[in-house]
Amino acid sequence: MTDCIIIGSGTAGISAALTLKANGKNFIIFGSASLSEKIEKAESIRNYPGLSNATGKAFVAALKTQLSDMEIAVTEEKVIGVYAMNDKFGVATQNGNYYESKAVILACGVESVKTIEGETEFAGRGVSFCATCDGALYKEKTIAVFCTSKRLEHEIEYLAGFAKKVYLIPMYKPVEIERENIEIVRKMPVKIAGETRVNKLIFKDGELKIDGLFSLRESVSPVTLVNDLKTEGGHVCVTRKMETNLKGLFAAGDCTGRPYQYAKAVGEGNVAAHAVSEYLMGEMMLNGKAQTGDLTFRFE
Ligand SMILES: Cc1cc2nc3c(=O)[nH]c(=O)nc-3n(C[C@H](O)[C@H](O)[C@H](O)COP(=O)(O)OP(=O)(O)OC[C@H]3O[C@@H](n4cnc5c(N)ncnc54)[C@H](O)[C@@H]3O)c2cc1C
């Protein structure tokens, strides 16, 4: 079991990872090899101390060098569930792997494309966020796939391998998959509807009959990931130590609220990592496992 699992390899997650490393903790950081689409996309960064007019790509390159120098590797797996148990967390990933850790930091960012009405309501009843988990359930069925990033196209291919018909609603350009059973629909859905299960997708000017909808997004909403997590306006509620309402679960970066900025994300990632170290120390003391040397760590 690791000390901590960080979900997200943007500036918040990387900052948390660097601090946990400096604090001598063992951890896993989940995310993507290119770190964060939001960093990559920035044309020119002017408000981050030490970076004058840097491009997002240059920032990513600098972060990658720093991670490599610190011997921190990003694990490229998408987290699909975080399960709070008594004194530990279970973390499931789309690859079918399961990990355990004493603490978790949510640094999953926010999804810029807003949720479709009905997306949360029908989750598990025809709406899925995980192609590899649920794709096989839609063999020979008609599905809609709402996809926010080109990087997720391999998941669309995977789904098209099962479904009879795929209505693909891409939020990016250009689409590079071509398959007979995929039809591209370039308009924004207004509502996912159904009775006990999803049965149609409604647009301003019509509707499609579907058996299910896959919502493929770079960021999975924190409430979808963790049961009973307290949020407000779509953001995770946190204390000044980045603690959530669940013991041992911390959050940092855009997912905790505005302003959506690198400096805030980095600061919160750092605070969250220190708070995790303090939390782990508290747990060790409770269990009578702390050594005298361990007690030198202080949050301040
Ligand atoms: C085009 C653009 C330009 C910007 N320019 C600036 C700027 O100049 N200055 C500035 O201060 N801010 C800027 N921002 C805002 C800045 O990018 C964000 O505030 C910052 O990236 C937030 O960092 P984060 O770590 O919280 O989230 P993100 O950078 O969004 O990182 C989240 C990470 O979590 C991963 N993730 C999400 N869900 C999961 C999951 N379930 N499993 C595994 N990994 C997951 C994602 O893949 C991603 O790696 C810009 C944003 C955009 C889009």
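The values are calculated or read from the model by the stated rules, or taken from the named source; none is laboratory data. All of these numbers come straight from a predicted model, not from anything done at the bench. Cβ sites come from the backbone with ideal geometry, for glycine too, and all protein chains shown count toward neighbours.
Which of the residues spanning segment 231-256 are buried (at least 17 other Cβ atoms within 10 Å of the Cβ) and modelled with pLDDT under 95? Matches in segment 231-256: Thr231 only.
Per-residue answers, yes or no, for (1) within 17 Å of the chain's Cα centre (by Cα); (2) more than 16 Å from the ligand (Cβ to nearest atom):
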{"site": "Thr196", "(1), (2)": "no, yes"}
{"site": "Leu201", "(1), (2)": "no, yes"}
{"site": "Asp205", "(1), (2)": "no, yes"}
{"site": "Gly234", "(1), (2)": "yes, no"}
{"site": "Thr239", "(1), (2)": "no, yes"}
{"site": "Ala252", "(1), (2)": "yes, no"}
{"site": "Ala263", "(1), (2)": "no, no"}
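The set of residues from segment 233-261 being in a loop (DSSP other than H, G, I, E, B), farther than 21 Å from Lys41 by Cβ and not small (Gly, Ala, Ser) comprises Cys237, Val238, Thr239, Arg240, Lys241, Met242, Thr244, Asn245, Leu246, Lys247.
Considering segment 121-232, the qualifying strands (runs of 3 or more DSSP E), each wholly inside and each with 2 or more residues that are within 30 Å of Ile5 (Cβ to Cβ) and touching a strand residue (DSSP E or B) at 6+ places or on another chain (Cβ under 8 Å), run over 142-147, 212-216.
For segment 26-55, the tally of residues that are crowded, with 19+ Cβ neighbours inside 10 Å and basic (Lys, Arg) stands at 1. You will find that of Glu155, Glu176, the residue that is surrounded by fewer than 21 Cβ atoms within 10 Å (Cβ to Cβ) and touching a helix residue (DSSP H, G or I) at 6+ places or on another chain (Cβ under 6 Å) is Glu155 and no other. Selection of segment 54-83 for residues being at pLDDT 95 or above, within 12 Å of the ligand (Cβ to nearest atom) and in a strand (DSSP E or B) yields Val74, Thr75, Val82.
Residue pairs whose Cβ atoms lie under 6 Å apart, sitting 6 or more positions apart in sequence or on different chains, and linking a residue in segment 201-222 that is within 20 Å of Phe162 (Cα to Cα) to a partner that is charged (D, E, K, R) and more than 16 Å from the ligand (Cβ to nearest atom), are Lys209/Lys200; Asp211/Lys141. Taking the listed residues Thr93, Thr120, the one that is of a type in the set (S, T, N, Q) and in the same structural domain as Ile7 (by TED's automatic domain parsing) is Thr93, with no other qualifying. Taking first residues from segment 122-139 that are on the phi < 0 side of the Ramachandran plot and in contact (Cβ under 8 Å) with a residue 60 or more places away in the chain and partners that are outside any loop (DSSP other than H, G, I, E, B) and among the charged types (D, E, K, R), the Cβ contacts under 8 Å between residues at least 6 apart in sequence or on separate chains come to Ser128/Asp134; Ala131/Glu155.
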